[in-house]
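Single-structure report; data block below.
The values are calculated or read from the model by the stated rules, or taken from the named source; none is laboratory data. Keep in mind the model is a prediction, meaning the values are calculated, not measured. Note that we place each Cβ from the backbone using ideal geometry, even for glycine, and neighbour counts take in every protein chain shown. Keep in mind that these areas ignore ligands, DNA and RNA; they rest on the heavy atoms of the full protein, side chains included. Shrake-Rupley method; radii C 1.70, N 1.55, O 1.52, S 1.80 Å.
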Amino acid sequence: NNGAFVKPHKMSLNTYLNQWLEVVKPRLSERTHTDYTYLLKRYVRPSLGARILTDLTAADIQVLYANMSETGLSPRIVRYVHTVLSAALKKAVKLALLRFNPTALVELPKQIRKEVNAFSPDEAVCFLEAAKEDRHGVLLAFALVTGMRPEEYFGLQWKDVDWSQETVTVQRALVWRTRGGGWYFSETKTSRSRRTIPVPA
């Protein structure tokens, strides 16, 4: 009646998520793909994985999110799981496996913005003085003045430092591989993470 038709099938959500993770793998960084796989395995598959994909409702997903919140998980985690599940089901709609995306009807927990607890100028000076006595003092000072994430400053190479302009450019991140172990260079967390930062003389 409404011009939408989905061919009946008995594919479970688990089976579809396996396929979706393979489809998006070439487009994602190794770390992001690992995160997606873990989030779905940890939070979505145990309660919803066996459900037939076309039987999945917004109410099912709403209950999942409510249960996650009740166990003490932060709104940030719930929202991250929602982002991944929503992307997967959005693709299912494009592939004509679903008529619509049920995550679009779900209410998310309110995001809590925590106040950033930063050093005062006096505390920063005290920290830098103490860092001089540490064998990692230069690294600690560098971390403080640039505000880089650890994975960013550990991923720096000499070519990223411009001595004449007194800047350093974030190009990559050093990440630990959760499956199999070992360090590797990865894309930065987001495109905005690629940036050039002035460094004091």
### Query
Between a first residue in segment 149-171 that is within 21 Å of Ala201 (Cβ to Cβ) and a second residue that is acidic (Asp, Glu) and part of a helix (DSSP H, G or I), which pairs have beta carbons less than 9 Å apart while being 6 or more apart in sequence or on different chains?
Val168/Asp160; Thr169/Asp160; Val170/Glu152; Val170/Asp160
### Summary
Considering segment 34-61, residues that are polar (S, T, N, Q) and within 28 Å of Arg179 (Cα to Cα), and then whichever is most open to solvent (accessible area, probe 1.4 Å), we arrive at Ser47
### Query
Would you say Ser120 is more than 30 Å from Leu28 (Cα to Cα) and of a type in the set (S, T, N, Q)?
yes
### Summary
Of the residues in segment 105-134, those that are open to solvent by less than 80 Å² (accessible area, probe 1.4 Å) and in contact (Cβ under 8 Å) with a residue 40 or more places away in the chain number 3
### Summary
Within segment 135-147, residues being free of Cβ contacts under 8 Å to residues at least 12 places away in the same chain and part of a loop (DSSP other than H, G, I, E, B) number 2
### Task
Restricting attention to segment 169-201, report how many residues are at pLDDT 85 or above and acidic (Asp, Glu).
0
### Query
For segment 152-162, how many residues meet the condition of being in a strand (DSSP E or B) and either modelled with pLDDT of 95 or more or open to solvent by 50 Å² or more (accessible area, probe 1.4 Å) (or both)?
1
### Task
Give me a count of the residues in segment 163-201 that are open to solvent by 60 Å² or more (accessible area, probe 1.4 Å) and either not acidic (Asp, Glu) or not in a loop (DSSP other than H, G, I, E, B) (or both).
21
